[in-house]
Amino acid sequence: VTFRDELAIYDPHAYEGYDGNVIVTCGGTIVRSSPEGDLFWSYRQLKFILTSPGDELHFLGHFRGEQVFAAEITQDTLALIESETSGLRDFLGKIPDTLFQLLGRAVQITDWYLGHRFCGYCGSATQQVPKERAMGCSACGKSFYPRLSPCVMALVTRGHQCLLARHGQHRTHGFYTVLAGFIEPGENVESAIRREVREEVGLEVANPTYIASQPWPFPGQLMLGFFADYDGGEIVVDGLEIDEACWFNYDNLPQVPGEFTLSGQLIRTFVERCAAARRD
Ligand SMILES: [Zn+2]
């Protein structure tokens, strides 16, 4: 997926004859023509459908060399067409990463649009700002951009061991994952890592080292993945977010998330590094 800085604003005349790809969303779900239907609708198909106020088209970028748009349709419009809706999570790990990112982008952009049709400061109706990804209020001059929430994810390591935790929400699945948390306003990444690890498992860490990142559109997180060295303390779980946390040897891990998650990628990277170090 390549995202360019050109932004198109929905204008029926601008797309006369255009037959590009459109991802259709409705209230956070992906709309397809049938359960196995294509994820992309053709614009030609849609231009007769996008007639209600609130049915809007948003430029997403280029995918396989073609322009892709997201169209948010209203429930009223959805009722008029033969369609199937699915949540974004239904596609997780089942379609190529780039396509998943594109779907995530579509849902986040249309959700931003839905949430900012009126100004939160003065209540006036907003309009899309030409050439910008922004909704603007002409009454008071405020602009509203899509909001991302940065999260840190830290794999705490101690030699050939790493710290993995079972979260309350994963209790039924039994997965062990990497510690993670939102960055607070006014906080930098390094202090967010130290605070999260201290709060969740009572340990001190040092030398946070950046490994990789991942957009996580549930609803708008950007996951920033780090390794961090254990630097003291005994494990004391908070009992709220974390049920259990343990050290695991790299060659004897519990059930961990798939590699379509950043948590899974961090764990795999750690295992590969330990295995390589042992070979040397
Ligand atoms: Zn306003």
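For region 166-184, which positions are exposed (fewer than 15 other Cβ atoms within 10 Å of the Cβ) and either at pLDDT 95 or above or in contact with a Ser or Thr (Cβ under 9 Å, 6 or more places away or on another chain) (or both)? Before the answer, list the steps.
Restricting attention to region 166-184, the residues satisfying the condition of being exposed (fewer than 15 other Cβ atoms within 10 Å of the Cβ) are 168-169, 171-174, 182, 184.
Scanning region 166-184 gives 182, 184.
With within 16 Å of the ligand (Cβ to nearest atom), within 19 Å of residue 215 (Cβ to Cβ) and at pLDDT below 95 as the only criterion, which of 115, 61, 93 stands out?
Details: 61 fails: within 16 Å of the ligand (Cβ to nearest atom); 93 fails: within 16 Å of the ligand (Cβ to nearest atom).
Result: 115 is the single residue among 115, 61, 93 that is within 16 Å of the ligand (Cβ to nearest atom), within 19 Å of residue 215 (Cβ to Cβ) and at pLDDT below 95.
Within region 26-46, how many residues are over 23 Å from the mean Cα position of the chain (by Cα), surrounded by fewer than 18 Cβ atoms within 10 Å (Cβ to Cβ) and farther than 16 Å from residue 95 by Cα?
Result for region 26-46: 5.
Of everything in region 142-165 that's assigned to a loop (DSSP other than H, G, I, E, B) and more than 16 Å from the ligand (Cβ to nearest atom), which residue is surrounded by the most Cβ atoms within 10 Å (Cβ to Cβ)? First the steps, then the outcome.
Taking region 142-165 first, the residues assigned to a loop (DSSP other than H, G, I, E, B) are 142, 145-148, 159-160.
Still in the running and more than 16 Å from the ligand (Cβ to nearest atom): 146-148, 159-160.
Working: 146: 16, 147: 12, 148: 14, 159: 12, 160: 18.
Ranking the candidates gives 160 first.
For region 207-214, indicate whether the set of residues that are assigned to a loop (DSSP other than H, G, I, E, B), loosely packed, with under 15 Cβ neighbours inside 10 Å and either under 25 Å from the mean Cα position of the chain (by Cα) or not aromatic (Phe, Trp, Tyr) (or both) is non-empty. Steps first, please.
So the first thing to find is which residues in region 207-214 are assigned to a loop (DSSP other than H, G, I, E, B), and the list is none.
The answer is no; no qualifying residue exists.
Within region 126-141, count every residue that is surrounded by 17 or more Cβ atoms within 10 Å (Cβ to Cβ), within 11 Å of the ligand (Cβ to nearest atom) and part of a loop (DSSP other than H, G, I, E, B).
2
The values are calculated or read from the model by the stated rules, or taken from the named source; none is laboratory data. This structure is a prediction, so every number in the text was calculated from the model and none was measured. Neighbour counts run over all protein chains shown; Cβ positions are idealised from the backbone, glycine included.
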